[in-house]
Amino acid sequence: MIQEIHVTLVKVPTIRPHKLSVATMNTQTLVLVQVRCADGITGWGEATTIGGLNYGEESPESIKTNIDTYIAPLLIGMEASAVAVAMARVRKVIQGNRFAKCAIETALLDAQARRLNIPLSELLGGRVRDALPVAWTLASGDTAKDIAEAETMLELRRHRIFKLKIGLRDVLADVAHVLEIKRALGDRASVRVDVNQAWSEMDALRGIAMLEAGGVDLIEQPVSASNTAALARLKQRFDVAIMADEALHGPDDAMTLARADAADVYAVKITQSGGLLPALEVATVARLNGIGLYGGTMLEGGIGTAATAHVCATFKELAWGTELFGPLLLTQEVLREPLVYRDFMLQVPTGPGLGVEIDTDKLRFLQNQ
Ligand code: MUC
Ligand code: MG
């Protein structure tokens, strides 16, 4: 039986300012959800987002309020091992709130996989890979600093895929920044950009032509999430891969974008999809339509990152890798044992459930800071 649901918000400083077109992050607020069951098993989930309400329509505070006020009362007393029944109830009664639903589903599935003594990936259809390529985002706002950071990552053998956040400056300045980094790294790294919706279609036509000619491998969400037609036109016009991110809020959007032939690659995010099972549905739509997969992040800490890793571990094709580096952007670790990054890959945890444990003392310490 589901006995208790507890939501904790903790603010953790980032290792450096992380500059996106929608926000500059100096801290990240982790939203952690704990589900306690009557059989003594506890599951954890995460609903972390970026920049308060700058990126998505759920804030850390609204997620906590909505779980505490509306979602937890629906679930308390329900059978904990009937996860699909519990989630069907939540999805029927609660509109929107994809991040909150994702955290709840993650916690229930973590608990159930622990109960069955299997890794979560086995509960999600079965693991076909134990390690995932992992990109790093260069977003210091300074070209020389970004190049130095990339060189360090290559030397450490931690990352050889770099995503550059652009869209804050004018198109020519952004393109010059990206191409300087691409020239410095050459064939040693894959360089990609994320515009976070900042460009008009005209900006995108100019910008993408120059980025493609300069050897950039992928363009993420160049135009507004709502402008499916423009995304489709860009996809038809350019050879460089176009990836949908903010345009993808779950399986229905995955179908709409596929019908419109609007993207070469989908950024699969468990939070944006509204849960782990909807994220798997997004991936299935992609596979059936010949769309490449990429494991996306909302810069979550260890819980959300491990959950996405278990989802991605079930993908037979993962042509574009992942960006599951969230915990590495934070100055504080909330897991007892940190996730392992080695040889440019994140190792998918192997223990029962998520395969990671929250350090509750650390959490308490961070809460009281
Ligand atoms: C996004 O839009 O992809 C993921 C990596 C990163 O640096 O920012 C996020 C959000
Ligand atoms: Mg993105």
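The values are calculated or read from the model by the stated rules, or taken from the named source; none is laboratory data. Keep in mind that what you see is a predicted model, and the values were worked out from it rather than measured. Because the Cβ atoms are built from the backbone with ideal geometry, glycine has one as well, and the counts that use them run over all protein chains shown.
Which of the residues belonging to the range 60-90 are touching an Asp or Glu at 6+ places or on another chain (Cβ under 9 Å) and under 25 Å from Asp252 (Cα atoms)?
We begin by selecting, within the range 60-90, every residue touching an Asp or Glu at 6+ places or on another chain (Cβ under 9 Å); these are 66, 72, 76, 80-81, 83, 85-87, 90.
Matches in the range 60-90: Asn66, Val83, Val85, Ala86, Met87, Val90.
Can you pull out the residues in the range 267-309 that are charged (D, E, K, R) and either out of contact with any Gly (no Cβ under 6 Å at 6 or more places or on another chain) or within 18 Å of Ala241 (Cβ to Cβ) (or both)? Lys269, Glu281, Arg287, listed by residue number. Residue by residue through the range 205-220, note down the ones that are touching a helix residue (DSSP H, G or I) at 6+ places or on another chain (Cβ under 8 Å) and within 30 Å of Leu276 (Cα to Cα). Correct list: Ile219 only. Of the numbered criteria (1) of a type in the set (Gly, Ala, Ser); (2) within 14 Å of ligand 1 (Cβ to nearest atom); (3) under 18 Å from the mean Cα position of the chain (by Cα); (4) at pLDDT 95 or above, the one Gly250 fails is (2). Filtered by the rule that a residue be at pLDDT 95 or above, among the small types (Gly, Ala, Ser) and out of contact with any Lys or Arg (no Cβ under 9 Å at 6 or more places or on another chain), the range 1-50 gives Ala38, Gly40, Gly45.
Being of a type in the set (S, T, N, Q) and either at positive phi or in contact (Cβ under 8 Å) with a residue 40 or more places away in the chain (or both) is not true of Thr256.
For the range 295-319, filtered to residues that are free of Cβ contacts under 8 Å to residues at least 60 places away in the same chain and outside any helix (DSSP H, G or I), the residue that is farthest from ligand 2 (Cβ to nearest atom) is Glu317. Inspect all residues belonging to the range 279-295 and state whether any of them is surrounded by fewer than 24 Cβ atoms within 10 Å (Cβ to Cβ) and of a type in the set (Phe, Trp, Tyr). Checking the range 279-295: not a single residue is surrounded by fewer than 24 Cβ atoms within 10 Å (Cβ to Cβ) and of a type in the set (Phe, Trp, Tyr).
Select, from Ala131, Ala139, the only residue that is of a type in the set (Gly, Ala, Ser), within 18 Å of the chain's Cα centre (by Cα), under 15 Å from Leu329 (Cβ atoms) and crowded, with 16+ Cβ neighbours inside 10 Å. Lay out the reasoning, then the answer.
Details: Ala131 fails: under 15 Å from Leu329 (Cβ atoms).
Among Ala131, Ala139, only Ala139 is of a type in the set (Gly, Ala, Ser), within 18 Å of the chain's Cα centre (by Cα), under 15 Å from Leu329 (Cβ atoms) and crowded, with 16+ Cβ neighbours inside 10 Å.
Is it the case that the range 296-305 has a residue that's of a type in the set (Ser, Thr, Tyr) and closer than 29 Å to Ala262 by Cα? There is at least one residue in the range 296-305 that is of a type in the set (Ser, Thr, Tyr) and closer than 29 Å to Ala262 by Cα.
Looking only at the range 269-276, decide whether some residue is surrounded by fewer than 20 Cβ atoms within 10 Å (Cβ to Cβ) and not β-branched (Val, Ile, Thr).
First pass over the range 269-276, keeping only residues surrounded by fewer than 20 Cβ atoms within 10 Å (Cβ to Cβ): none.
Looking for residues that are surrounded by fewer than 20 Cβ atoms within 10 Å (Cβ to Cβ) and not β-branched (Val, Ile, Thr), one finds none in the range 269-276, hence no.
Counting only strands (runs of 3 or more DSSP E) that sit wholly inside the range 120-204, those with at least 1 residues that are away from ligand 2 (no atom under 16 Å from the Cβ) and touching a helix residue (DSSP H, G or I) at 6+ places or on another chain (Cβ under 7 Å) are 131-133.
Condition check for Ile303 on (1) under 28 Å from Ala23 (Cα atoms); (2) of a type in the set (Val, Ile, Thr); (3) crowded, with 17+ Cβ neighbours inside 10 Å; (4) over 13 Å from the mean Cα position of the chain (by Cα): one failure, at (4). Can you tell me which residues in the range 235-247 are over 19 Å from Lys165 (Cα atoms) and either within 16 Å of ligand 1 (Cβ to nearest atom) or assigned to a helix (DSSP H, G or I) (or both)? Correct list: Lys235, Gln236, Arg237. Within the range 220-261, the set of residues being surrounded by 18 or more Cβ atoms within 10 Å (Cβ to Cβ) and β-branched (Val, Ile, Thr) comprises Val223, Thr228, Val240, Ile242. Just one of the numbered conditions (1) surrounded by fewer than 19 Cβ atoms within 10 Å (Cβ to Cβ); (2) in contact (Cβ under 8 Å) with a residue 60 or more places away in the chain is not true of Leu156: (2).
Output the number of residues of the range 19-78 satisfying the condition of being assigned to a helix (DSSP H, G or I) and of a type in the set (S, T, N, Q). Steps first, please.
First, pick out the residues of the range 19-78 that are assigned to a helix (DSSP H, G or I): 60-75.
Those left that are additionally of a type in the set (S, T, N, Q): 62, 65-66, 69.
Looking only at that region, the number is 4.
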